[in-house]
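The values are calculated or read from the model by the stated rules, or taken from the named source; none is laboratory data. These figures come from a predicted structure and were not determined experimentally. Glycine gets a Cβ as well: all are built from the backbone with ideal geometry, and neighbour counts include every protein chain shown.
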Amino acid sequence: MSHHESCDQPLKLGLPRLPLLIFLLLICGSLILGFSIIHFTVAANKRGDYLSLNNDVLSVNLPINWFALTWESSNRSFGGKVFSLIIFHPNKFSAISIQVYDKVATERFFIERNLSDLAAISYWDVQRFFNWTLEKNENASVISIVNGTAHAGASENIARYSRILIRNGFKSSDGKYYNMSCIVLSFMNKDNLVRIAFWGKQEDYEDTYEVFQRILSDLVVKGYEGK
Amino acid sequence: MKGSERQKMSWSDVLNSLLGGIICFSTMTILPGIMDMLFREILIFLGIIGVMAFDSFRIAHAIIFFGIAYLICGFLGGLYTGYRVEARLNLFLFITASIGFILFVILLYYLGHLTLPNIYIDVIIPALTGSFIGVYLGGYTIIWPNRHTEEKSTPTINLDLGDEKTEE
């Protein structure tokens, strides 16, 4: 009897074939184990509506219901590492990014972009943002650019910021244009360059500005040597 | 004649195990994307999408996707190979799993995903383990009743061969 013939035999309802049983158990097991890890991670780090992310590079409170991604990138040719965190609202066009550079990456950042100080970095970043919106809508125009100084992080580092307001910078799916805002803060934490950006559609930007302020005030940047 | 028949069969077995691998690969290109979308929707629904920033989430994600995506992909490929291939199933299941996984890695390479940070823990390791374990479980699910019957019938055959009086 070939095994094809045996396949014609119906599966007994009471006792599934052993490999099928193992397969189903593995699926259930992976779901239970995976969601348990997620549950314990949330339970251990929840602070009200925020999650406290604390790693080797920084400590920051993130809104629990915003998308949040972290990664570390390195330059293989010249060395140096950059830790990045980006969070964005699932339903609104509003996002916050934090980048921390190690010493080597900080030096390279200034040299490669030919920038001399923190104010130049912030201004360069908002210009880059404006160029990006021009790619989406070539009729976008700058309403205002404001430069200044602010305190950032729990240790109150002095940061240089640039804030840009762009007319018709965002095109929604129904074809309407909206104004866009973006603020970039740059500061040094020992040898590490820290860049923080907050941008979005004007209304969403204003709605979520409180979240940005909370993140900015709770942020602690630790010494980042790169691994 | 008998030998050439065997050879012919083995070529069709190779072809079927390749087809099993392609089934495994095809589902690997579709299923993880769908599951990822559903998984994110569940996290948004639960209001805990911010957990994605944590390293422990990466491990949880890998474990869940091993089960709900790559294991299923391998299982489907294994079912086909197990149903079609009659001899040396272990070898042909190995070919099925290898083809599925290697094609998937080649696709990732051409899409430029292999250079993404954390690609090994997020995709490669769950895909490797899921496809191989799934293929073997799928293949053995098909032949399991047959193996079970063979095991049961083995003592009877030995008795018939060894005992001359039975024939008389």
Answer yes or no: is there a residue in segment A:34-44 that is in a strand (DSSP E or B) and more than 9 Å from chain B (Cβ to nearest Cβ).
-> no
If A:Asn65 passes every condition in (1) assigned to a helix (DSSP H, G or I); (2) at pLDDT below 95; (3) among the polar types (S, T, N, Q) but one, which one does it miss?
-> (1)
Answer yes or no as to whether A:Leu11 is modelled with pLDDT under 90, of a type in the set (A, V, I, L, M, F, W, C) and not in a strand (DSSP E or B).
-> yes
Residue count, segment B:35-62, condition at the interface with another protein chain (Cβ under 7 Å from one of its Cβ atoms) and over 22 Å from A:Glu72 (Cβ atoms), comes to 3
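Conditions tested, residue by residue: (1) β-branched (Val, Ile, Thr); (2) surrounded by 21 or more Cβ atoms within 10 Å (Cβ to Cβ); (3) under 23 Å from the mean Cα position of the chain (by Cα).
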{"site": "A:Ser74", "(1), (2), (3)": "no, no, yes"}
{"site": "A:Ser84", "(1), (2), (3)": "no, no, yes"}
{"site": "A:Val104", "(1), (2), (3)": "yes, no, yes"}
{"site": "A:Arg108", "(1), (2), (3)": "no, no, yes"}
{"site": "A:Ala152", "(1), (2), (3)": "no, yes, yes"}
{"site": "A:Ile164", "(1), (2), (3)": "yes, yes, yes"}
{"site": "A:Gly169", "(1), (2), (3)": "no, yes, yes"}
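Per-residue answers, yes or no, for (1) touching a strand residue (DSSP E or B) at 6+ places or on another chain (Cβ under 8 Å); (2) in contact (Cβ under 8 Å) with a residue 12 or more places away in the chain; (3) among the acidic types (Asp, Glu):
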position: B:Phe25; (1), (2), (3): no, yes, no
position: B:Thr29; (1), (2), (3): no, yes, no
position: B:Pro32; (1), (2), (3): no, yes, no
position: B:Asp36; (1), (2), (3): no, yes, yes
position: B:Phe57; (1), (2), (3): no, no, no
position: B:Ala60; (1), (2), (3): no, no, no
position: B:Ile64; (1), (2), (3): no, yes, no
position: B:Gly78; (1), (2), (3): no, yes, no
position: B:Glu86; (1), (2), (3): no, yes, yes
All strands (runs of 3 or more DSSP E) inside segment A:112-227 with 2 or more residues being basic (Lys, Arg) = A:157-171, A:192-201
Yes or no: A:Leu51 within 11 Å of chain B (Cβ to nearest Cβ), in a helix (DSSP H, G or I) and either under 23 Å from B:Glu41 (Cβ atoms) or at pLDDT below 95 (or both)?
-> no
From the set of residues in segment B:97-133 that are surrounded by fewer than 18 Cβ atoms within 10 Å (Cβ to Cβ) and among the polar types (S, T, N, Q), which is farthest from B:Ser56 (Cα to Cα)?
-> B:Ser98
